[in-house]
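Engineer: Starting off with a structure, shown below.
The values are calculated or read from the model by the stated rules, or taken from the named source; none is laboratory data. This one's a predicted model, so the numbers in the text were calculated from it and none came from an experiment. Backbone-built Cβ (ideal geometry, glycine too); neighbour counts: all protein chains shown. We work out accessible area using only protein heavy atoms, side chains counted, and drop any ligands, DNA or RNA first. Shrake-Rupley method; radii C 1.70, N 1.55, O 1.52, S 1.80 Å.
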Amino acid sequence: QTLLNIESVSKAYTGKAKALDGVSFSVERGQFVSVIGSSGAGKSTLLRCINRLIDPSSGAVEFDGRDVTKLGKRELRQIRRRVSMVFQHYNLVSRSTAIENVLQGRLGYKSSLAGVLALYSEEEKIRAFDVLDQLGLLEFAYRRCDQLSGGQKQRVGIARALVQDPLLILADEPIASLDPKSSRAIMEHLRWAADDLGIACLVNLHQVDYAIEFSDRIIGLKDGKLVFDGTPAELDAEA
Ligand code: ADP
Ligand code: ADP
């Protein structure tokens, strides 16, 4: 079943060559799709067009049956609730604890002050601790994020994404700042989210080997154009 359908999406930043040029592909529910390509290929632009942090210059982005390029503010907010982001530099509130950062995934940044646990219901807190537990972070729940290692920070980032109950996780270079051991752990957590929770993952990577090992499908971008769409085995055969 198709969750996300990208149809001839192009994006030109003002005064520049097209960052995306007629890109089309789709993502199934629970599918793990990696987007590979060198720096400047258009990978981040693609993710930003999907959650509409930026608007594509042309083309359609259909998510869960609706064209997100045509939605009003209110509908867009509903859609964004089902789409979670994971970032290369984690984008955590570093002076807040792990559990506070996860809870913010639930309620947004309206409460991005330190010491906000009291603002959340018991149910929300139980859910947030559950997710931290699933990522092996329970013992770090009350640790400030600036006291955590990179791999631990990224696990908090994934926990914050999961607590939203998303249909789709958009991960922009989630392992680019991590050592091989942490990178592998993060890829395994995302793979688990796809397999066990049915959450589709669209993951920007520049390391092809990780894409081949962990994905159901790989999209290749070059200079904004889609140059590959196939399975890891097909990519292996082409190389
Ligand atoms: P990638 O994520 O694959 O490195 P990007 O999507 O970041 O690629 O960039 C694609 C192209 O768009 C690059 O040429 C980049 O310089 C340009 N670009 C990205 N963001 C902006 C921006 N905010 N303003 C102008 N140009 C941008
Ligand atoms: P690192 O130093 O390992 O990259 P940090 O936790 O120090 O990780 O911060 C990551 C980035 O997230 C920083 O650039 C920080 O400014 C940013 N950031 C902090 N608070 C927020 C927030 N509420 N929303 C989005 N980004 C944030």
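Engineer: Out of all the residues in segment 24-46, is one or more within 16 Å of ligand 2 (Cβ to nearest atom) and either aromatic (Phe, Trp, Tyr) or closer than 30 Å to Ser183 by Cβ (or both)?
Structural biologist: yes
Engineer: Out of segment 78-96, which residues are away from ligand 2 (no atom under 11 Å from the Cβ) and either open to solvent by 20 Å² or more (accessible area, probe 1.4 Å) or out of contact with any helix residue (DSSP H, G or I) (no Cβ under 9 Å at 6 or more places or on another chain) (or both)?
Structural biologist: Scanning segment 78-96 gives Gln78, Arg80, Arg81, Arg82.
Engineer: Let me ask another. Counting just the residues of segment 42-66 that are open to solvent by 20 Å² or more (accessible area, probe 1.4 Å) and under 21 Å from Asp165 (Cα atoms), which one comes out farthest from ligand 1 (Cβ to nearest atom)?
Structural biologist: Checked segment 42-66; the qualifying residue farthest from ligand 1 (Cβ to nearest atom) is Gly65.
Engineer: Would you be able to say whether some residue in segment 162-180 is over 20 Å from Leu47 (Cβ atoms), surrounded by fewer than 21 Cβ atoms within 10 Å (Cβ to Cβ) and away from ligand 2 (no atom under 15 Å from the Cβ)?
Structural biologist: So far as segment 162-180 goes, yes, one or more of its residues are over 20 Å from Leu47 (Cβ atoms), surrounded by fewer than 21 Cβ atoms within 10 Å (Cβ to Cβ) and away from ligand 2 (no atom under 15 Å from the Cβ).
Engineer: Run Ser39 past the list (1) in contact with a His (Cβ under 8 Å, 6 or more places away or on another chain); (2) open to solvent by less than 50 Å² (accessible area, probe 1.4 Å) and report the number of the one that doesn't hold.
Structural biologist: Condition not satisfied by Ser39: (2).
Engineer: Give me the helices (runs of 4 or more DSSP H) completely within segment 104-204, filtered to those with at least 2 residues that are at pLDDT below 95 and within 16 Å of ligand 1 (Cβ to nearest atom), ordered by residue number.
Structural biologist: Helices (runs of 4 or more DSSP H) meeting the threshold: none at all.
Engineer: Which ones in segment 16-31 are surrounded by fewer than 17 Cβ atoms within 10 Å (Cβ to Cβ) and within 8 Å of ligand 1 (Cβ to nearest atom)?
Structural biologist: Lys16, Ala17 - these are the residues of segment 16-31 that are surrounded by fewer than 17 Cβ atoms within 10 Å (Cβ to Cβ) and within 8 Å of ligand 1 (Cβ to nearest atom).
Engineer: Can you pull out the residues in segment 217-236 that are open to solvent by less than 60 Å² (accessible area, probe 1.4 Å), not in a helix (DSSP H, G or I) and not hydroxyl-bearing (Ser, Thr, Tyr)?
Structural biologist: Arg217, Ile218, Ile219, Gly220, Leu221, Gly224, Leu226, Phe228, Gly230
Engineer: Also: So the check is Cβ under 9 Å with 6+ separation or different chains; which pairs have a first residue in segment 4-21 that's at negative phi and a second one that's within 16 Å of ligand 2 (Cβ to nearest atom) and open to solvent by 30 Å² or more (accessible area, probe 1.4 Å)?
Structural biologist: Taking only residues 6 or more apart or on different chains, the pairs are Lys11/Arg48; Ala19/Ser44.
Engineer: Determine whether segment 74-91 contains at least one residue that is over 30 Å from Leu226 (Cα atoms) and without any contact (Cβ under 8 Å) to a residue 40 or more places away in the chain.
Structural biologist: Yes, segment 74-91 contains at least one residue that is over 30 Å from Leu226 (Cα atoms) and without any contact (Cβ under 8 Å) to a residue 40 or more places away in the chain.
Engineer: Return the pair list, or none, for Cβ contacts closer than 6 Å from residues in segment 148-169 that are in contact (Cβ under 8 Å) with a residue 40 or more places away in the chain and within 16 Å of Asp196 (Cβ to Cβ) to residues that are within 9 Å of ligand 2 (Cβ to nearest atom) and open to solvent by less than 30 Å² (accessible area, probe 1.4 Å), at least 6 apart or on different chains.
Structural biologist: Between residues of segment 148-169 that are in contact (Cβ under 8 Å) with a residue 40 or more places away in the chain and within 16 Å of Asp196 (Cβ to Cβ) and residues that are within 9 Å of ligand 2 (Cβ to nearest atom) and open to solvent by less than 30 Å² (accessible area, probe 1.4 Å), there is no close pair.
Engineer: Which of (1) closer than 25 Å to Arg81 by Cα; (2) surrounded by 17 or more Cβ atoms within 10 Å (Cβ to Cβ) does Asp196 not meet, given it meets every other one?
Structural biologist: Against the list (1) closer than 25 Å to Arg81 by Cα; (2) surrounded by 17 or more Cβ atoms within 10 Å (Cβ to Cβ), Asp196 comes up short only on (2).
Engineer: Away from ligand 1 (no atom under 12 Å from the Cβ), at pLDDT 95 or above and open to solvent by less than 10 Å² (accessible area, probe 1.4 Å): does that describe Ser34? If you could, list the steps in order and put the result at the bottom.
Structural biologist: Working: away from ligand 1 (no atom under 12 Å from the Cβ): yes; at pLDDT 95 or above: yes; open to solvent by less than 10 Å² (accessible area, probe 1.4 Å): yes.
For Ser34, the condition - away from ligand 1 (no atom under 12 Å from the Cβ), at pLDDT 95 or above and open to solvent by less than 10 Å² (accessible area, probe 1.4 Å) - is met.
Engineer: Tell me which residues, restricted to segment 83-100, are within 16 Å of Leu202 (Cα to Cα) and within 16 Å of ligand 1 (Cβ to nearest atom).
Structural biologist: Pass one, segment 83-100, residues within 16 Å of Leu202 (Cα to Cα): 83-88.
Within segment 83-100, Met85, Val86, Phe87, Gln88 qualify.
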